[in-house]
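Participant: Have a look at this one.
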């Protein structure tokens, strides 16, 4: 598991110790402006900053080709480090390109959103969308380090905070109820990010370490994502918000199947209300996208099921068991 | 390390035991005709045969996109197996596409040339050419099995046999002199393929197992390849033949540097003559391609050096040390 670094200053000394000869930053056009201060602090010159499109536009096959061409033109080799500076829509494609260039050059995740700091920057998954499906192409390649710099969070809009809260709540539901308790005691305007990030990242890393190949327990991290991804694909809402709606829908279904205690769903609704999160539960998933879910295996789905807060397991069932109940 | 299977029949029972739900074959347009008997024996229906261009044309970025689209259209998922049926120009891109589709679907190397049976099918390297450079993009992803079916070798033209002999001789020079002795006792018209393949594959697997990340001894497998690749890039000759010329050139250089005993170069020339191999040593490498070699690391190259037959080590030196002597 890659080390977690607490600041840009720590990253600089980490790269020095690692003997990195040149450091490159991959970030989006928009972020390059907003995060100029970070690039400056890292002392990366402008000609080593590589820009990719904003948001999901970067996660396309043709954009990876463009990015790889930039790696080539800049003579990046294995003595270099590529920093992915941004949210998942930077980290996913930049990590993917780094993982396949020269069969892998070292890269560092520098997540700048709450969502990416607690989720996508960890676990080594990289990827792009393909033929209309999310994260259909990619690799499992860990970065050499992950930087959780708190200063990036101070300027995030509320909607981005909500995105991150989705994954934080998920970690609480599947594994660590103390996260839910902590959230219920915090005001939305005074969230204790360091505490929430520490606990959520600990949950994620436990699963990744326990099951690096994602053939067993790690699939629990997909709780809320089977429906969530299929809602995201259809309605183009953000990932975290889609996962929140996905968790509600999956809980409702597994309550109906008799796996989940009904109170779990009710308590989640109450927690969301407390956090001023108002998910649009009228949104329905794209069932075709669910058919193509990577967790599908011969018509059956491995569905992560929360039995009660902190207790969960993966249950295999025909996909229709789920789709009939949402 | 993936298991080695000795025939198509063994492959069929292996896939059955592995619980593979559907089997797909990726092969080239030309090979699909020549190897129809193998596809038939494997009982893979025509709509599960995916054709890619012949030779190096398949190893292009745009062709990987086409291949991934075929995977998508055919609903390939992780319960399936993708068989790469052909030489390295099938195995490299098919393995790469399989390794990134859904972040990895199981694939099997079914090498059909002597060169791929002793070399490219082993070690887990997949890849394509990019921006004019060989194998510039790819992954390190082992297949779930490697099939060494002797019947594929019976119809190979002599030039393809020479290609394979290059890598067989390399294994002898860097690690196992008994391969060289065996070759010196065989007539070109009566090569003992099973023996040569067994010994050569044992050498390759030893290095891969010892150094999976290719940060140390495994680099010895690149003997002859630093110059070989750069000749291949410029003169468009086949890989094995380029490696033979590369080995001669690198030996000549390291003899001049004082690392290699002069007899090693002379004995290699004699062995090549015995095997009726007449390499065109007037071909010079593309030195720009050598600059971009993946083994380059901050201006220095990790050069695999044969000290004497079976004794070798990797030596770091400025690239000019080598280029000045070839």
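The values are calculated or read from the model by the stated rules, or taken from the named source; none is laboratory data. As the structure is a prediction and not an experimental result, all values here were calculated from the model. Every residue, glycine among them, receives a Cβ derived from its backbone with ideal geometry; neighbour counts consider all protein chains shown.
Matching residues to (1) within 14 Å of another protein chain (Cβ to nearest Cβ); (2) in contact (Cβ under 8 Å) with a residue 60 or more places away in the chain:
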{"position": "A:33", "(1), (2)": "no, no"}
{"position": "A:36", "(1), (2)": "no, no"}
{"position": "A:45", "(1), (2)": "no, no"}
{"position": "A:49", "(1), (2)": "no, no"}
{"position": "A:56", "(1), (2)": "no, yes"}
{"position": "A:59", "(1), (2)": "yes, yes"}
{"position": "A:66", "(1), (2)": "yes, no"}
{"position": "A:71", "(1), (2)": "yes, no"}
{"position": "A:76", "(1), (2)": "yes, no"}
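Participant: Filter the stretch A:184-231 for residues that are over 17 Å from residue A:153 (Cβ atoms) and in a loop (DSSP other than H, G, I, E, B) and give the result.
Facilitator: Just the residues of the stretch A:184-231 that are over 17 Å from residue A:153 (Cβ atoms), to begin with: A:184-185, A:202-231.
Correct list: A:211, A:212, A:213, A:214, A:215, A:216, A:223, A:224.
Participant: Quick check on residue B:180: is it within 14 Å of chain A (Cβ to nearest Cβ), in contact with a helix residue (DSSP H, G or I) (Cβ under 6 Å, 6 or more places away or on another chain) and surrounded by fewer than 24 Cβ atoms within 10 Å (Cβ to Cβ)? Break it down into steps so the answer makes sense when it comes.
Facilitator: Details: within 14 Å of chain A (Cβ to nearest Cβ): no; in contact with a helix residue (DSSP H, G or I) (Cβ under 6 Å, 6 or more places away or on another chain): yes; surrounded by fewer than 24 Cβ atoms within 10 Å (Cβ to Cβ): yes.
No.
Participant: If residue B:145 meets every condition in (1) buried (at least 24 other Cβ atoms within 10 Å of the Cβ); (2) more than 9 Å from chain A (Cβ to nearest Cβ) apart from one, which number is that one?
Facilitator: (1)
Participant: Hey, among the residues in the stretch A:281-297 that are within 12 Å of chain B (Cβ to nearest Cβ) and surrounded by 14 or more Cβ atoms within 10 Å (Cβ to Cβ), which one's nearest to residue A:229 (Cα to Cα)?
Facilitator: So the residue we want is A:293.
Participant: Give the number of residues within the stretch B:9-52 that are farther than 27 Å from residue A:297 by Cα and buried (at least 17 other Cβ atoms within 10 Å of the Cβ).
Facilitator: Filtering the stretch B:9-52 for residues farther than 27 Å from residue A:297 by Cα gives B:28-38.
Applying the additional criterion that residues be buried (at least 17 other Cβ atoms within 10 Å of the Cβ) yields B:28, B:31-32, B:35, B:38.
Total satisfying the criteria: 5.
Participant: Right, another one. Of the residues in the stretch B:15-26, how many are in contact with a strand residue (DSSP E or B) (Cβ under 6 Å, 6 or more places away or on another chain) and assigned to a helix (DSSP H, G or I)?
Facilitator: Of the residues in that region, 1 qualify.
Participant: Let me ask something else. Pull up the stretch A:111-141, narrow it to residues that are facing another protein chain (nearest Cβ under 9 Å) and outside any strand (DSSP E or B), then point me to the one that is nearest to the chain's Cα centre (by Cα).
Facilitator: A:141
Participant: Filter the stretch A:97-110 down to the residues that are more than 29 Å from residue A:194 (Cβ to Cβ) and not in a strand (DSSP E or B) and list them by number.
Facilitator: Keep residues of the stretch A:97-110 that are more than 29 Å from residue A:194 (Cβ to Cβ), which gives A:97, A:99-105.
Matches in the stretch A:97-110: A:97, A:99, A:100, A:102, A:103, A:104, A:105.
Participant: When you scan the stretch A:275-289, do you find a residue that is part of a helix (DSSP H, G or I) and under 20 Å from the mean Cα position of the chain (by Cα), even just one? Give the derivation first.
Facilitator: Keep residues of the stretch A:275-289 that are part of a helix (DSSP H, G or I), which gives A:287-289.
Retained after the next criterion (residues that are under 20 Å from the mean Cα position of the chain (by Cα)): A:289.
Yes.
For (1) part of a loop (DSSP other than H, G, I, E, B); (2) under 21 Å from the mean Cα position of the chain (by Cα); (3) at pLDDT below 95, each residue gets a yes or a no:
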residue: A:266; (1), (2), (3): no, no, no
residue: A:293; (1), (2), (3): yes, yes, yes
residue: A:304; (1), (2), (3): no, yes, no
residue: A:313; (1), (2), (3): no, yes, no
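Participant: Which members of the stretch B:47-76 meet the condition of being part of a loop (DSSP other than H, G, I, E, B) and closer than 17 Å to residue A:132 by Cα?
Facilitator: The first filter runs over the stretch B:47-76 and keeps only residues part of a loop (DSSP other than H, G, I, E, B), leaving B:53-54, B:59-60, B:74-76.
Once the filter is applied, which keeps residues that are part of a loop (DSSP other than H, G, I, E, B) and closer than 17 Å to residue A:132 by Cα, the stretch B:47-76 yields B:74, B:75, B:76.
Participant: Further question: What is the one condition in (1) within 20 Å of residue B:221 (Cα to Cα); (2) modelled with pLDDT under 95 that residue B:155 does not satisfy?
Facilitator: So the condition that residue B:155 fails would be (1).
Participant: Do we find a residue being under 14 Å from the mean Cα position of the chain (by Cα), surrounded by fewer than 21 Cβ atoms within 10 Å (Cβ to Cβ) and farther than 19 Å from residue A:97 by Cβ anywhere in the stretch B:82-91?
Facilitator: No, because not a single residue in the stretch B:82-91 is under 14 Å from the mean Cα position of the chain (by Cα), surrounded by fewer than 21 Cβ atoms within 10 Å (Cβ to Cβ) and farther than 19 Å from residue A:97 by Cβ.
Participant: Please verify whether residue B:77 is at pLDDT below 95 and closer than 25 Å to residue A:298 by Cβ, treating the condition exactly as stated.
Facilitator: Values: at pLDDT below 95: yes; closer than 25 Å to residue A:298 by Cβ: yes.
Yes.
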